[in-house]
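What follows is one structure encoded as C-alpha cells, with my remarks underneath.
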Amino acid sequence: MEIRLKIENNMSKAEERAILEKLRDAFAQNDDNYLAPLFTREFTNWACQRIQDDILVNPMEYITAYSEKEWEKEIKDLKEKLEEAQQGVIEMNEVAHNATESANYLQEEKYKFEDLIFAKNIKIDELENCIVNLKAKLYDLCVI
C-alpha cells in the first residue's frame, strides 16, 4: 500500500490525527515492516488524544508510561503469586506438623504394642513351662 502524506506547519488537529490514522492503517496492512510495531492502535489512539489535548506527542512518554504500567502490573501479579505461595507454605507446614504428630503418636503406639507382645511372649513361655511341668507330674503320677 502506498500512501502520500502532506505535512505542513500549522496543520489542524484533524489533519494530524488523519496522518496518524493513515500510518496506522498502512502498517496494519503491511505488518512485515520494522515500523509496524510503532503504529499500533493503542499508540495512535494515545497520540491522537494528546493532539486533541494540545500536548506534544513524544513517543518516549508513551513507551515509559506503558512500561511503568506493565511493570506495575507485573509487580502486582508477582506479589499475588508470592502471597499464594506463602499461604501454600503455611498450609504445607501445617500438614507436615500434623503428619509429624501422627507419626509420633503411631510410633508411641507401636512401642506400647511391642511391649505388650513382649509381655505376652513372656507369659506364653511361662505357660509353656507350666505345661511341661504339669505333663512331667502327670507322667510321674501315671508311672507310679
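Coordinate-derived values only; no laboratory data. Please read these numbers as outputs of a predicted model, since none were measured by experiment. Positions of Cβ are backbone-derived with ideal geometry, glycine not excepted, and every protein chain shown enters the neighbour counts.
What are the semi-axes of the equivalent ellipsoid of the chain, taken as the square roots of 5 times the eigenvalues of the Cα gyration tensor, listed largest first and rounded to whole Å?
Sorted largest first and rounded, they come to 97, 17, 7 Å.
Report ³J(HN,Hα) in whole Hz for each residue of segment 71-78, in order, from the Karplus equation J = 6.51 cos²θ - 1.76 cosθ + 1.60 where θ = phi - 60°; Gly and Pro get x.
Each residue of segment 71-78 in turn: 5, 4, 5, 5, 4, 4, 4, 5 Hz.
Using label points projected 7 Å from each Cα along Cα→Cβ, tell me how many nm separate Arg4 and Leu106, to one decimal.
Calculated label separation equals 8.6 nm.
Once phi is turned into θ = phi - 60°, what whole-Hz ³J(HN,Hα) does the Karplus curve with 6.51, -1.76 and 1.60 give for every residue of segment 48-59, x standing for Gly and Pro?
Once θ is set to phi - 60°, the couplings for segment 48-59 become 4, 5, 4, 4, 4, 8, 6, 10, 4, 8, 10, x Hz.
Relative to the longest principal axis of the chain, what angle (0 to 90°, nearest 10) does the C-alpha long axis of helix 13-29 take?
50 degrees
For segment 82-91, in order, what is each residue's ³J(HN,Hα) by Karplus, 6.51 cos²θ - 1.76 cosθ + 1.60 with θ = phi - 60°, in whole Hz (x at glycine and Pro)?
The phi angles translate into 4, 4, 4, 5, 5, 5, x, 5, 4, 5 Hz.
Placing +1 on the Cβ of each Lys and Arg and -1 on the Cβ of each Asp and Glu in the chain, which of Leu82, Gln52, Phe113 has its Cα farthest towards the positive end of the resulting dipole?
Result: Phe113.
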